[in-house]
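The values are calculated or read from the model by the stated rules, or taken from the named source; none is laboratory data. Not measured: the values here are computed from a predicted model. Backbone-built Cβ (ideal geometry, glycine too); neighbour counts: all protein chains shown. Side chains included, ligands, DNA and RNA excluded: accessible areas come from the protein's heavy atoms. Shrake-Rupley method; radii C 1.70, N 1.55, O 1.52, S 1.80 Å.
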Amino acid sequence: MKTRERIVEAAERVMRSKGLARSTTKEIAREAGYSEGAIYKHFESKEELFICVLTERLPPFVEMVQELPGRVGEEDLGDVLGEVGSAALAFYGESFPMSASIFSEPALLARHREEIRKRGAGPQKANEALSAYLEGERNLGRVREDADPESAAAMLLGACFQRAFFKSFFGESSVPGQEEAFVEGIVRTLMPSLSPSTE
């Protein structure tokens, strides 16, 4: 395994056990079996390393939503929303425990904001991509004309984020089939407000 991969893997382990705020580059280097200097040969900061953990080690949600606008008109809307919901739930469920502690340290949060700004990234990007997808579907007549793509995206992703928060807060483990049923319920509830009238 290459040095960079070992560092990202070690960062994931440390951040999962301690959260972002309490993880240090010194601990990550020790976990990876390298000197702290080795981290800075590959990463500018702990914040950059955290973003790499989110995009490279967690369920592939970020890449999937970035590709959504290119899927307009190609697949069943309900199927796509279900796929997005399942991916969001898995991603939020794994990332929330690591990232929640960032809000306890304003300076760390500010550095993280700056890092994602430099990359043109951020948590809002998922909502923007899903909203763009739904707007594209609306332009094709596959979503009702009076539907609000931005609100629909917020409802789906917000519900998944809240579910991940509750599970983390209460220390609940996933029960087979439970997450799928949750996503199916959200999609089933959203679809009447999105599907064009058949009258």
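Ordering 38, 189, 108 by the projection of their Cα atoms onto the charge dipole of the chain, which places +1 on the Cβ of Lys and Arg and -1 on the Cβ of Asp and Glu, puts 38 at the extreme positive end. Lys-Lys pairs in the chain that are eight or more residues apart or on separate chains and whose Cα atoms lie under 29 Å of each other come to 20.
When the residues 146, 76 are ordered by accessible surface, computed with a 1.4 Å probe over the protein chains alone, the sequence from largest down reads 146, 76.
Relative intensity of the chain on a log10 scale, I(q)/I(0) at q = 0.10, 0.12 Å⁻¹, equals -0.49, -0.67, per a Debye sum over C-alpha point scatterers of equal strength in the absence of solvent. For the range 44-159, with all protein chains in place and a probe radius of 1.4 Å, 50% of the accessible heavy-atom surface sits on carbon or sulfur. The relative contact order of the range 118-199, computed from alpha carbon pairs under 8 Å that lie at least 6 residues apart in sequence, is 37 percent. In a simple Cβ point-charge model (Lys, Arg +1; Asp, Glu -1; nothing else charged), the range 1-83 has a dipole of about 860 debye relative to its Cα centre.
When 26, 41 are compared by accessible area of protein heavy atoms, the largest-first order is 41, 26, using a 1.4 Å probe. Accessible surface computed residue by residue for the chain, with neighbouring protein chains in place and a 1.4 Å probe, gives 55 Å² per residue.
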